[in-house]
Amino acid sequence: DTGVSQDPRHKITKRGQNVTFRCDPISEHNRLYWYRQTLGQGPEFLTYFQNEAQLEKSRLLSDRFSAERPKGSFSTLEIQRTEQGDSAMYLCASSLDSPGGYTFGSGTRLTVV
Amino acid sequence: GENVEQHPSTLSVQEGDSAVIKCTYSDSASNYFPWYKQELGKRPQLIIDIRSNVGEKKDQRIAVTLNKTAKHFSLHITETQPEDSAVYFCAASKRGNNDMRFGAGTRLTVKP
């Protein structure tokens, strides 16, 4: 598979629990992005990695959110103490150039109940 | 920072008609403008993009035009087909800026 993979596809969690999502980008892409998408809206930028370095973070990324890309390959996004407002689709994307077109994963749909 | 606005939010056309979606951006330094198509429950997919050194780009039934002076760009779909029905997003970015900004999306419905 040469696309961007995300796991899990769906996650239902109780408020206050921690969740972790994984993204496997296209192997040749050194740039990796996390976006959040709510119903009826375009994707909103969360954070960006170039190789293993996290170079940019949106102010949307509160201190409950943390992202890592330890070996410059896959990335994880963790949300601690989830809130109902965290319910959204979390999209991962990767690219080779900047600026350049992203290849998105299928996303992880998070529902906080 | 960059702000991207997209119009209309919904668009319904008859099969075979043309569809036009417009976006404006605020940062005159933006130089890369992609368009994504997102079908229900699926990932956004890049369908066409344009860089600021070009005024128009075409790929079969899809074209994008860019007016740098007015800071707006448009997606044109000709001879629409029911499978063109989806949500379309425009976006803007620039070199050195890694938080590509997306419009709110246009839900296009092509009626057979």
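At a Cα cut-off below 24 Å, give the lysines reachable from A:Lys71, other chains included and same-chain residues fewer than 8 away excluded.
The qualifying lysines are A:Lys57.
Below 21 Å Cα-Cα, how many Lys pairs turn up in chain B? Only count pairs eight or more apart in sequence, or on different chains, if you could.
For chain B, the number of qualifying lysine pairs is 19.
Output wanted: per-residue J couplings in Hz (rounded whole) for the range A:78-84, from phi through Karplus 6.51 cos²θ - 1.76 cosθ + 1.60, θ = phi - 60°, x for Gly and Pro.
After applying 6.51 cos²θ - 1.76 cosθ + 1.60, I find 10, 10, 9, 6, 4, 10, 4 Hz.
Once amide H atoms are built 1.01 Å from N in the peptide plane, which residues 5 or more positions from A:Gly107, or in another chain, come under 5 Å H to H?
Those qualifying (amide H under 5 Å, at least 5 residues apart or on another chain) are A:Gln6, A:Cys92.
How high is the FRET efficiency between A:Thr20 and B:Gln60 when r is their beta carbon distance and R₀ equals 25 Å, given to the nearest 0.05?
Given R0 = 25 Å and the Cβ-Cβ separation, E is 0.05.
At 1.4 Å probe size, what's the solvent-accessible area of A:His10? Round to the nearest 10 Å².
Its accessible surface works out to 130 Å², give or take rounding.
What distance in nm separates the two pseudo spin-label positions at A:Asp97 and A:Thr76, each 7 Å out from Cα along the beta-carbon direction?
3.4
Using the heavy atoms of the protein chains and a 1.4 angstrom probe, tell me the accessible area per residue for the protein assembly as shown in square angstrom.
In whole numbers, the protein assembly as shown has 50 Å² accessible per residue.
Label points 7 Å out from Cα along the Cβ direction at B:Asn53 and B:Ala104: separation in nm?
Placing both labels 7 Å beyond Cα along the Cβ direction yields 3.5 nm.
With labels modelled as points extended 7 Å from the Cα through the Cβ direction, what inter-label distance (nm, one decimal) is found for B:Ser28 paired with B:Gln45?
Result for the modelled spin labels: 3.8 nm.
The values are calculated or read from the model by the stated rules, or taken from the named source; none is laboratory data. Keep in mind that what you see is a predicted model, and the values were worked out from it rather than measured. Don't worry about glycine lacking a Cβ; one is built from the backbone with ideal geometry, like all the others, and counts go over all protein chains shown. All accessible areas refer to the heavy atoms of the entire protein, side chains included, with ligands and DNA or RNA removed. Shrake-Rupley method; radii C 1.70, N 1.55, O 1.52, S 1.80 Å.
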